[in-house]
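Below is one structure, written out as structure tokens; the observations come after it.
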Amino acid sequence: MVATPGVDPLVPADAVPRIRARRLPEPSHFELARRGAQIARAVARHFAPLALRQLREVRDGPLPAAATAHPLRLTYEELGGTFIKFGQIMASSPGLFGDEVADEFRSCLDTGPPVAFGQVRQRVEDDLGMSLSEAFAEFDPEPIGRASIAVVHWARLHDGRQVAVKVLRPGIEHVVATDLDLMQPFIELVVRHTGDQNAGSTLQLLDGFREQIGEEMDLRNEARSLAYFRRLGDEVSLPMVVVPEPYPELSGPNVLTMEFLDGVPIDDLARVAEMGVDPVPLIEAVVRGFFLTTVRWGAFHGDVHAGNMLLLRDGRIGIIDWGIVGRLDPDTHRFFLRLLAAALGEEAAWTDVSAHIVRTYGPAIGEAVGLSDEELTGFIRSLIEPTLNRPFGEVSLAGIMQATQLQVAKAQGIEIRKRSPRAVLHRLRAQRRLRKMADDAGGTFSEFDRGTFLLGKQLMYFERYGKMFLSDVPILNDREFFAQLLDSPEARQATEPAP
């Protein structure tokens, strides 16, 4: 990574960046009703043709899931905010949603509704306390990026340096808060009365998203994260990975000015081919950098999807959008290190991994899968070890989820493919009981739950561009590199038993 020279005043020399979430507003009943009506109109508009088609083709059976991807993507892009965020996850996770769905949602990685330039100017000037011409010699009114919660404009400083200026969308705080308040009660109701795993995962996503979006809503957090991860460049050797330099004197809660990185998204294969640069070693460097910071410091970029990786004109790779940074608590950091040690061949570490999961979620785990502690260790190993050691082309997170669901169904005597009222009722009762046990143990929505969920989401992203560029390479390909990481002073200290 390219480091910032000298001592950066944004980040203490021995600490992870200070992150404070902005408190989201509480939407009024009127705002909830208005947004609800907007959602209903968008759904009706984009799904009406599909509904008519379904009525005409009812004799041919249900439409394939991929058929809903196009109207769903149009709905998400029209609604923006929270919906675009969910679309980004779908775009970056073909292992879970399928290639067709992921490809359909690709535009969610770098597209959002336009923002009038007058609103952008006002937000920049209010935040910086100076006119646009005082702050910048040039400022392009056309955005170079339109993301879910912000737009990005190219600008030039008075000393000639080119910068990217990220500006929060006006009113986005209210949009996101309203969306979350509309979604959460419905999903909680489904989880409480069914215990459904997919609904539970969505609720978990919403829980993590509520916290993360609050952090993203204050761009000073991202400025500190940029400074912190650039500083780590002094301690590692990743010369091909670039983190943009922040300019704190031209940044604030709603505006972030940073170094402009000139490049193309790494998954734009046609433009990458035109540049004549081999992206494979660059992707390997990104994966290596992710594990390096996670192992040594328990901190990582929590949103490295393909849209946030730019192949630069000079042949390096730039990592942008540091609004979501994962920070593992000591117990979760220790768990992650033991998991890597296990995958690298330390037999005893598998027992530590299994014991930590049981300790976190209580007896619900053993009862759910119907396995003894020893059998549970073997089952966890059978899921995780191949994922980290097989080539990317053979990795399937969807397969892991399916294997887990099949084991739970087997243990509970559930027929997951049967749709009779009796079978559905039996399945829902079992799911509800297991969910309640996990809730009572305190594992759901814990620091461990949130940390591993963010790590899992990143693994889904790795799966996508790993299959594109590293299909014959395992995640733990360079075993010597990972062994040295686990032997670093930071990692050894993190794995010491808690006092």
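FYI, it's all coordinate maths here, none of it is from the lab. Owing to the predicted nature of the structure, the values given are computational and were not obtained by experimental measurement. Here Cβ is always computed from backbone atoms with ideal geometry, including for glycine, and neighbour counts include all displayed protein chains.
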Pop out the ³J(HN,Hα) list for segment 214-222 in order, Karplus 6.51 cos²θ - 1.76 cosθ + 1.60 with θ = phi - 60°, rounded to Hz; leave Gly and Pro as x.
x, 5, 5, 6, 10, 5, 5, 4, 5
Between ASN254 and residues 5 or more places away or on another chain, the pairs with built amide H atoms under 5 Å apart involve LEU219
What residues from segment 133-167 fall in the zone where the backbone N is under 20 Å from a label point 7 Å along the Cα-to-C-beta line of ARG271?
140-156, 162-167
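Can you give the local net charge around LEU337? Use residues other than it whose beta-carbon is closer than 14 angstrom to its beta-carbon, Lys and Arg +1, Asp and Glu -1.
Numbers: positive: ARG296, ARG334, ARG338, ARG492; negative: ASP329, ASP331, GLU346, ASP352, ASP487, GLU490, GLU496.
Local net charge: -3.
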Long-range amide H partners of ALA150 with built H, under 5 Å
ARG169
With θ set to phi - 60° and the Karplus curve 6.51 cos²θ - 1.76 cosθ + 1.60, what are the ³J(HN,Hα) couplings of segment 477-485 in order, to the nearest whole Hz, using x for Gly and Pro?
5, 8, 5, 5, 4, 5, 5, 5, 4
Rounded Å value of the spacing that divides the Cα centres of segment 314-351 and segment 352-371:
21 Å
Let a ≥ b ≥ c be the square roots of the eigenvalues of the Cα gyration tensor of segment 212-343; is it rounded (a/c under 1.5), or, if not, prolate (a/b larger than b/c) or oblate?
oblate
Dipole of segment 234-283 (Lys/Arg Cβ +1, Asp/Glu Cβ -1, origin at the Cα centre): which of SER237, LEU269, PRO279 lies farthest to the positive side?
LEU269
Quick one: which residues, 5 or more positions from VAL325 or on another chain, have an amide H under 5 Å from its amide H? H modelled 1.01 Å from N in the peptide plane, none for Pro or chain starts.
GLY302
Backbone HN-Hα couplings from phi across segment 319-330 [Karplus 6.51/-1.76/1.60, Hz, Gly and Pro as x]
10, 10, 6, 9, x, 10, 10, x, 9, 7, 5, x
